[in-house]
1. If you keep only loop residues by DSSP, which chymotrypsin sites (Phe, Trp or Tyr not before Pro) in segment 22-109 have at most 10 other Cβ atoms within 10 Å of their Cβ?
2. In debye to the nearest 20, how big a dipole does the chain give about its Cα centre with +1 on each Lys and Arg Cβ and -1 on each Asp and Glu Cβ?
3. As I understand it, the dipole of the chain uses +1 on the Cβ of Lys and Arg and -1 on the Cβ of Asp and Glu, about the Cα centre. Which of W87, L22, W58 lies farthest toward its positive end?
4. Grab the beta carbon distance between C70 and L49, set R0 = 35 Å, and tell me the FRET efficiency rounded to 0.05.
5. For L57 and I27, what does the FRET efficiency come to when R0 = 30 Å and r is the distance between their Cβ atoms, rounded to the nearest 0.05?
6. Mind running the shape call on segment 60-109? Use the C-alpha gyration tensor, a ≥ b ≥ c as the square roots of the eigenvalues: rounded below 1.5 for a/c, prolate if a/b tops b/c, oblate otherwise.
7. Given the Cα-Cα distance of T98 and L34 and 0.36 nm per residue of separation, how much length would full extension add, in nm?
Amino acid sequence: MAPDSNQLSIHEADQPHSWPDLVGKLILDFTRVLEAELRLMRASIEPALTSVLNRWLWQLVIASIALLGCILLVGAIILFLHLWLAWWASFAITGAATVLLALCAMLIH
């Protein structure tokens, strides 16, 4: 029995036309999947990145305020020591204490 020509045309319609068509469809599907994954990744990273940047900004502001407070405290210590000592001695003692405090903090950390 010879196959019916009608059956051959149905099977040919189910089959891809050529290898270049297959490769083209494969690349197109791959790029679509890659674009979708990138969109998902961007959607999941953006809120986390925003919260990290906000936290970093607040830490920078708080560190700046703390640094200003430390500078004012050093000035107050110098003025307090000047009641009994000369200016140069007040600055020397305060500077040495600050350096020792920084060295201790580095050793602890």
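Read the figures in this text as sums done on the coordinates, not as results from a lab. Values in this document were obtained by computation on a predicted structure and should not be read as measured data. Every residue, glycine among them, receives a Cβ derived from its backbone with ideal geometry; neighbour counts consider all protein chains shown.
1. Loop-located and lightly packed - W84.
2. Its charge dipole is roughly 980 debye.
3. W87
4. Approximately 0.65, to the nearest 0.05.
5. Values: r = 43 Å, r/R0 = 1.43.
It comes out at approximately 0.10.
6. oblate
7. Value of the extension gain: 17.5 nm.
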